[in-house]
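Accompanying notes for the structure given below.
The values are calculated or read from the model by the stated rules, or taken from the named source; none is laboratory data. Here the structure is a predicted model, which is why all the values come from computation and not from measurement. Cβ placement follows ideal geometry from the backbone for every residue including glycine, while neighbour counts extend to all protein chains displayed.
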Amino acid sequence: MATGLVLYGYWRSSAAYRVRIALALKGLAWENHPVHLVKDGGQQHAPDYAAMNPQQLVPSLRDGERVITQSLAIMEYLEETHPEPPLLPADARGRARVRALAQSVACDIHPLGNLRVLQYLERELDADEAQRGAWSRHWIATGFAALEAMLAGNAATGRYCHGDMPGLADACLVPQVYNARRWKLPLDDYPTIRRIDEACRELEAFRGAAPEVQGDAPASAP
């Protein structure tokens, strides 16, 4: 029987990035299994991987014989199976707030800039790189405007998204800020988001999860 945690991901996937952060915050050992989203027509479409994850997306987490898909579900699974240190607050209201912040990124902002969406815009709608960039900046800016208000206007926001310990919401936020910089979205209008991102990136758990330091990242990765 297989043992240990194996993460199937891609160096620049923000969904895989957030799971790497969660694994690091938990102090868990894991094996990286790269799934290149472009090479060979997209290795996520290969029969073996599609059999494991019918959505043909990353990340997937294998824990022994179990496979968990969807980044938020994976992080919640890690929280339940390895409760210390926690990714969620102890109180129900705090957990609801953190989940709302995380979902605002993972469910509302990120899917509109996902690789398969951008590929569809290029392939089916003939959108060039500049148009795809404008699309991505628009939806990140729309989501960040709301997220900034949620963070700046709430007394529960501390050094991190919720209080003074990093957790689930921060694991979602930082990869999305990475995407914003990748698409050259100015961040001047989001001072709270910028401050939290900077605080997170001072921590080894976030630095070690960054796309450019992953084993499958190209040498030229920024």
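Residues of segment 68-89 that are charged (D, E, K, R) and either part of a helix (DSSP H, G or I) or within 13 Å of the chain's Cα centre (by Cα) (or both): Glu76, Glu79, Glu80. Of the residues making up segment 159-175, at least one is in contact with a Pro (Cβ under 8 Å, 6 or more places away or on another chain) and surrounded by fewer than 19 Cβ atoms within 10 Å (Cβ to Cβ). Every condition in (1) under 26 Å from Ala156 (Cβ atoms); (2) among the basic types (Lys, Arg); (3) in contact with a strand residue (DSSP E or B) (Cβ under 6 Å, 6 or more places away or on another chain) is met by Arg62 except one, and the failing one is (1).
Within segment 187-213, the set of residues being β-branched (Val, Ile, Thr) and closer than 22 Å to Asp164 by Cβ comprises Thr192, Ile193, Ile196. Selection of first residues in segment 132-159 that are outside the structural domain of Asp188 (by TED's automatic domain parsing) and of second residues that are assigned to a helix (DSSP H, G or I) and aliphatic (A, V, I, L, M), restricted to Cβ pairs under 6 Å at least 6 apart or on distinct chains, gives an empty result.
Listed by first and then second residue, the pairs with beta-carbon distance under 8 Å, at least 6 apart or on different chains, first residue in segment 175-186 and among the aliphatic types (A, V, I, L, M), second buried (at least 19 other Cβ atoms within 10 Å of the Cβ), are Val177/Ile193; Val177/Asp197; Ala180/Ile140; Ala180/Phe144; Leu185/Ser136; Leu185/Ile140; Leu185/Phe144. A single entry from Ala92, Ala106, Ala171 fulfils the requirement of being more than 22 Å from Gln56 (Cβ to Cβ), among the aliphatic types (A, V, I, L, M) and within 16 Å of the chain's Cα centre (by Cα): Ala171.
Taking residues in segment 89-112 that are in contact (Cβ under 8 Å) with a residue 24 or more places away in the chain, and partners anywhere that are in a helix (DSSP H, G or I) and among the basic types (Lys, Arg), the pairs with Cβ atoms closer than 8 Å and at least 6 places apart or on different chains are Pro89/Arg95; Pro89/Arg97; Ala106/Arg18.
Highlighted here are the helices (runs of 4 or more DSSP H) found entirely within segment 146-222 that include at least 1 residues which are touching a Phe, Trp or Tyr at 6+ places or on another chain (Cβ under 8 Å), at pLDDT 95 or above and closer than 25 Å to Tyr8 by Cα: 168-182, 191-200.
Residues of segment 132-148 that are touching a helix residue (DSSP H, G or I) at 6+ places or on another chain (Cβ under 9 Å) and surrounded by fewer than 14 Cβ atoms within 10 Å (Cβ to Cβ): Thr142, Ala146.
Note on segment 186-208: residues that are out of contact with any Leu (no Cβ under 7 Å at 6 or more places or on another chain), surrounded by fewer than 19 Cβ atoms within 10 Å (Cβ to Cβ) and within 19 Å of Ala145 (Cα to Cα) total 7.
Looking across segment 3-49, the residues that are of a type in the set (S, T, N, Q) and touching a helix residue (DSSP H, G or I) at 6+ places or on another chain (Cβ under 9 Å) come down to Ser13, Ser14, Asn32, Gln43, Gln44.
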